[in-house]
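Here is the structure we will look at.
The values are calculated or read from the model by the stated rules, or taken from the named source; none is laboratory data. This one's a predicted model, so the numbers in the text were calculated from it and none came from an experiment. Here the Cβ positions follow ideal geometry from the backbone for every residue, glycine too, while neighbour counts run over all protein chains shown.
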Amino acid sequence: MLGLSPFWDRIHHAYELLCTPLEEHHVSGRARLKESEENHIFAPGEIAHVEDDGSLTRGFYDFMEWQGLPITDDERIIRDKAKKDMRGRMCLVLQRLADGRYLICYLTSFGQRKLGQNIESTLGRLFAIAVDDTPDFPAGTPSIKVCPKWGGHAFLYALPVPRANLVRHKLAKRVRFMLHIGELERLKTMIVDRMRVFKAYHEQIRADELWYRKLDLIQTRASHTIHEDILPEIDTEDIQDLKNVSVKSKFPQPAKLRDRRQLPRIHYLDRNPPWQDVRLLMKLPADPHPAQYLYRSHFAEGARAIKNHLRLR
């Protein structure tokens, strides 16, 4: 080719091979830094993820202290026990505070409760608001709409608490979940209404919540430990000698579980030797429609055999 110099062409390719990886390295480093910064910056109405402070119990008592309501010793014990079970949880950002933290509300299913009427605690029923496809709760209040649609049954635990350790969840790497237009203002209005109810009846609600949390702790302990004082006393004289006791390794299957049904015998298969001949299958691939030799010629006879069997039952 005219004007082509192999010497300078090699130098040009060597320069490209040297500079391209360095440029990609710097660009990828800046992209990772920008992505890391964006993963910790959230707008009001956006769904984020709390890494290690997603306890609803701890959030409730932090909300009380944030509102200036003193907590009792029993409530402090319950809150301290909740610290041992710290886990991540999805949340909704209400606003960004001056100190860099965010005012958030947790997203929860309340133990896979699909209906708001199944929520057990009074506090949960007061502050629970249905999200997207979850049936409306409270009754007559349309659910909070999220874009893109939030899958599954979920409730917004409308107790605002300040949190700092927010990150972007793996579900939101390529898309950001945001409330529909006007939903954030509607949500803030509902939160204010529930705050007024809570401040008017907070003593009764707190007593009910404390009782509910104590009951939850008792049930958790009962499922993990066995108390010796509740075990029945066993008299050694009632214990039989186990040497003469035979143990059956296979227990008989109950009669109700046995399958006594007999499938109809397809007689035309037994009278058709080519079905069981492998050599026939080796000859068929050359034909564009091999299935017609195996099914169509005996379909009517097989259907009649099954009908006769069902008529005799």
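The number of residues in the range 146-179 being at pLDDT 85 or above and in contact with a Gly (Cβ under 9 Å, 6 or more places away or on another chain) comes to 9.
Looking only at the range 153-186, residues that are free of Cβ contacts under 8 Å to residues at least 12 places away in the same chain and aliphatic (A, V, I, L, M) come to 2 in all.
Scanning the range 24-67 for residues being modelled with pLDDT of 90 or more, closer than 30 Å to L215 by Cβ and in a loop (DSSP other than H, G, I, E, B) gives a total of 0. Consider the range 79-117 and keep the residues that are of a type in the set (K, R) and touching a Pro at 6+ places or on another chain (Cβ under 8 Å). The one that is farthest from F42 (Cα to Cα) is K114.
Within the range 177-191, take every residue that is in a loop (DSSP other than H, G, I, E, B), out of contact with any helix residue (DSSP H, G or I) (no Cβ under 9 Å at 6 or more places or on another chain) and not aliphatic (A, V, I, L, M) and give me the one that is surrounded by the most Cβ atoms within 10 Å (Cβ to Cβ). That would be H180. Applying the criterion of being closer than 16 Å to F42 by Cα and β-branched (V, I, T) to the residues of the range 141-176, the residue that is surrounded by the fewest Cβ atoms within 10 Å (Cβ to Cβ) is V175.
Annotation: T72 fulfils all but one of (1) under 26 Å from the mean Cα position of the chain (by Cα); (2) at pLDDT 85 or above; (3) more than 26 Å from T189 (Cα to Cα); the unmet one is (1). Only residues that are more than 21 Å from the chain's Cα centre (by Cα) and over 26 Å from M86 (Cβ atoms) were counted in the range 135-184, giving 10.
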